[in-house]
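J.: Would you mind keeping the following structure in view while I ask a few things?
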Amino acid sequence: MEELLEWMDYIEDIRQEKKVRHKLKDIIVIVLFATLSNVDDWVEMEFFAHYHEEYLKKYIELKNGIPSHDTLCRVFGMLSPEVLQKLYQKWQELLNKDEGKALRKLICIDGKTMRSNKRKEGKPNHILTAWSREDGFSLGQKAVDEKSNEITAIPELLEKIRIKGQVVTIDAMGTQKEIAEKVRKKKGDYVLALKENQKTMYEDVRLFFCDEQEKEQLKKRGAYCKTIEKAHGQIEIREYYQTEQIGWLSQKKEWAGLKSIGMEEKTIKREGEEKKEYRYYISSLKEDEKLFSLAVRGHWSVESMHWHLDVTFKEDANTTLDKQAAENLNIIRKWCISILKMVEIFRPNLSMKKKRFVISMNPEEFLEQVLNF
């Protein structure tokens, strides 16, 4: 933590120096520590800082006392999200500096709307995030006005992050030729969901996997794997099929690096009833049923992160209207998710929500454990 705090001293502060009463470092630390401690809005952050002022002085100066909630919000509205994201990334680099050669990882891209961040005639922030499944960490993000703008924003986000040698997963909104080309140009691989926004190819792939003989051939060839899980009073069976034999696919040449197609067949058994769901994919991966199934199943990690933003951190209830301040809070929450995923406090296997509650009971004790693990 000390190394990260030292690095904060070099963050550029665009405020007029003569008018600055509270260091940018102080404000970032207050917001980060408070958010870890089950605090979700600016007023509560001010209260938290007042109550734990002596503890905070262990890490920050607070030369002019505690900033007001208005100051916290205003400064976060001036802070560049790119700068805060770099600070978050610096923390990740410090954790991984002794990790050695990077393993192949999944980068899951998806967007989430901040529903309470909306003025009367405006639109709320929609944050597109590139989430590393293995690290539980946001590699980068981009704010757009609405979900439909993801198509143009995804290439811009891909440009900002390192994807060489990694596998990028995107839902059907991002299944676009330009996006596939961008991934391949940056020497990454992709697994893209197919839905009716690519109607002809979707139908071709769907019909291929409707052929039971083809599916049996894939099973015999080993281009198939199966998982069975029991959860929430039901049994979930997932079967994954993948094939490189797609010379018949008329659109193949139109998609950069397209090597295979795949399907997830999900069977849900509950109380004597059975339901099936089918999902289809195109990919630049060669036949590797384990990697393909990992990519398909692993995409849930970004959706899980979004769930935590809403349920654990109450993001959709936060009414910060300043879009830049709201985006910066979004980065802080993701940072907290990354931290809390990595630590055990009080007792094993606590949920993230319970971890925040435990920290709130005694921040001086538990923040030390969380920040210096």
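J.: In sequence order, what are the phi-derived ³J(HN,Hα) couplings for segment 79-88 according to the Karplus relation 6.51 cos²θ - 1.76 cosθ + 1.60 with θ = phi - 60°, rounded to whole Hz, with x for glycine and proline?
T.: Listing the rounded values in order: 6, 5, x, 5, 5, 5, 4, 5, 5, 4 Hz.
J.: Could you give log10 I(q)/I(0) at q = 0.19, 0.23 Å⁻¹ for segment 236-345, computed by the Debye formula over C-alpha point scatterers of equal weight, without solvent?
T.: Taken in order of the listed q values, log10 I(q)/I(0) reads -0.96, -1.12.
J.: Let me ask something else about it. Quote the relative contact order of segment 1-114 in percent (integer), defining contacts as alpha-carbon pairs under 8 Å separated by 6+ residues.
T.: Values: 55 pairs, mean separation 32.7, N = 114.
Here the relative contact order equals 29 percent.
J.: Still on this structure, please answer the following. For helix 150-160, what angle does its Cα long axis make with the longest principal axis of the chain, in degrees from 0 to 90 and rounded to 10?
T.: Orientation of helix 150-160: about 70 degrees from the principal axis.
J.: Can you report the principal axis dimensions of segment 194-284 using only the alpha carbons, biggest first, rounded to whole angstrom?
T.: Principal-axis extents of the Cα atoms in segment 194-284, largest first: 45, 31, 21 Å.
J.: Next up: Specify the longest stretch of the chain that does not include any exposed loop site, a site being one of the trypsin sites (Lys or Arg not before Pro) with a non-H, G, I, E, B DSSP assignment and at most 12 other Cβ atoms within 10 Å. Could you put the intermediate results ahead of the total?
T.: On the way: sites that count: ARG21, LYS57, LYS58, LYS63, LYS97, LYS101, ARG104, ARG119, LYS120, LYS164, LYS187, LYS286.
With a cap of 12 other Cβ atoms within 10 Å, the longest stretch comes to 188-285.
J.: Something else about it: Stretched out fully, how many nm does the piece from GLU146 to LYS230 gain, at 0.36 nm a residue minus the Cα gap? Please list the in-between numbers first.
T.: Working: separation 84, 0.36 × 84 = 30.24 nm, distance 3.65 nm.
My answer for the length gained is 26.6 nm.
J.: Given q = 0.07, 0.11 Å⁻¹, what are the Debye log10 I(q)/I(0) values for the chain, with equal point scatterers placed on the Cα positions and solvent ignored?
T.: At q = 0.07, 0.11 Å⁻¹ the computed log10 ratios are -0.37, -0.84.
J.: Over all distinct Cα pairs, what is the inverse of the mean 1/r for segment 120-230, reported as the Kirkwood hydrodynamic radius in Å?
T.: Working: mean 1/r = 0.0608 Å⁻¹.
Taking the inverse mean of 1/r over all distinct Cα pairs, segment 120-230 comes out at 16.4 Å.
J.: If you don't mind, another one. Cut-off 10 angstrom, C-alpha nodes, Gaussian network model of the chain. Which of PHE137, PHE313, PHE209 fluctuates the most?
T.: PHE209
J.: I need the phi-derived Karplus couplings for segment 4-10: 6.51 cos²θ - 1.76 cosθ + 1.60, θ = phi - 60°, integer Hz, Gly and Pro marked x.
T.: 5, 4, 5, 5, 4, 5, 9
J.: Using amide H atoms built in the peptide plane, which far-off residues or other-chain residues are under 5 Å from GLY188 H to H?
T.: GLY165
J.: Which of VAL75, VAL302, VAL343 has the fewest other C-beta atoms within 10 Å, and how do the rest follow up to the most?
T.: VAL343, VAL75, VAL302
J.: Then there is this: Ignoring the sites themselves, what is the longest stretch of the chain with no GluC sites (Glu not before Pro) in a DSSP loop and at most 13 other beta-carbon atoms within 10 Å? Walk me through the numbers before you get to the answer.
T.: Details: sites that count: GLU12, GLU61, GLU99, GLU121, GLU146, GLU271, GLU344.
It works out to 147-270.
J.: Follow-up. Using alpha carbons only, how many degrees (0 to 90, rounded to 10) separate the axis of helix 289-298 from the longest principal axis of the chain?
T.: On a 0 to 90 degree scale, this one is about 40.
J.: A follow-up question, please. Report the charge-dipole magnitude of segment 213-269 in Debye, nearest 20, computed about the Cα centre from +1 at each Lys and Arg Cβ and -1 at each Asp and Glu Cβ.
T.: Values: 12 positive and 9 negative charges, 26 e Å.
About 120 debye.
J.: Can you list the aspartates and glutamates whose alpha carbon is less than 16 Å from that of LYS199, not counting same-chain residues fewer than 8 positions off?
T.: ASP171, GLU254
J.: Now for a different question. Rounded to the nearest 5, what % of DSSP beta bridges with both residues in the chain are antiparallel?
T.: On the way: 46 of 54 bridges.
The antiparallel proportion sits near 85 percent.
J.: Listed here are the pairs LYS215/LYS269; LYS86/LYS118; LYS142/LYS341; LYS195/LYS215; LYS252/LYS290; LYS18/LYS334; which of them are more than 31 Å apart at the Cα? It would help to have the intermediate numbers written out before the result.
T.: Numbers: LYS215/LYS269 22 Å; LYS86/LYS118 26 Å; LYS142/LYS341 23 Å; LYS195/LYS215 20 Å; LYS252/LYS290 23 Å; LYS18/LYS334 33 Å.
Check vs 31 Å cut-off fails for LYS18/LYS334.
J.: Further, regarding this structure: Just flag the chymotrypsin sites (Phe, Trp or Tyr not before Pro) in segment 1-43 sitting in loop per DSSP whose Cβ has no more than 10 other Cβ atoms within 10 Å. All intermediate terms of the calculation are to be shown ahead of the outcome.
T.: Values: sites: TRP7, TYR10, PHE33, TRP42; in loops: TYR10.
Qualifying residues, ordered by number: TYR10.
J.: In a shell of Cβ-Cβ distance under 13 Å around MET201, excluding MET201 itself, what net charge do Lys and Arg (+1) and Asp and Glu (-1) give?
T.: Numbers: positive: LYS177, LYS195, LYS199, ARG206, LYS252, LYS253; negative: GLU196, GLU203, ASP204, GLU254.
Net local charge, MET201 excluded: +2.
J.: Return HIS299, HIS50 ranked ascending by Cβ neighbour count within 10 Å, so the fewest neighbours appear first.
T.: Values: HIS299 22, HIS50 11.
So the residues, fewest neighbours to most, are HIS50, HIS299.
J.: What residues have an amide H closer than 5 Å to that of LEU139, excluding those fewer than 5 places away on the same chain, when H is modeled at 1.01 Å from N in the peptide plane?
T.: ALA130, TRP131, SER132
J.: Give the angle, between 0 and 90 degrees and rounded to the nearest 10, that separates the Cα long axis of helix 42-51 from the longest principal axis of the Cα atoms of the chain.
T.: 50 degrees
J.: Taking springs between alpha-carbon atoms closer than 10 angstrom, which of ASP310, ASP110, ASP211 fluctuates most in the Gaussian network model of the chain?
T.: Looking only at ASP310, ASP110, ASP211, the largest GNM fluctuation is found for ASP211.
J.: Can you list the lysines whose alpha carbon sits under 16 Å from that of LYS186, skipping same-chain ones fewer than 8 residues off?
T.: In chain and number order, the partners are LYS105, LYS160, LYS164, LYS177.
Here, each number is a calculation from the coordinates, and none is a lab measurement. Just so you know, these numbers come straight off a predicted model, no measurement behind them. Positions of Cβ are generated from backbone atoms using ideal geometry, with glycine treated the same way; all protein chains shown enter the neighbour counts.
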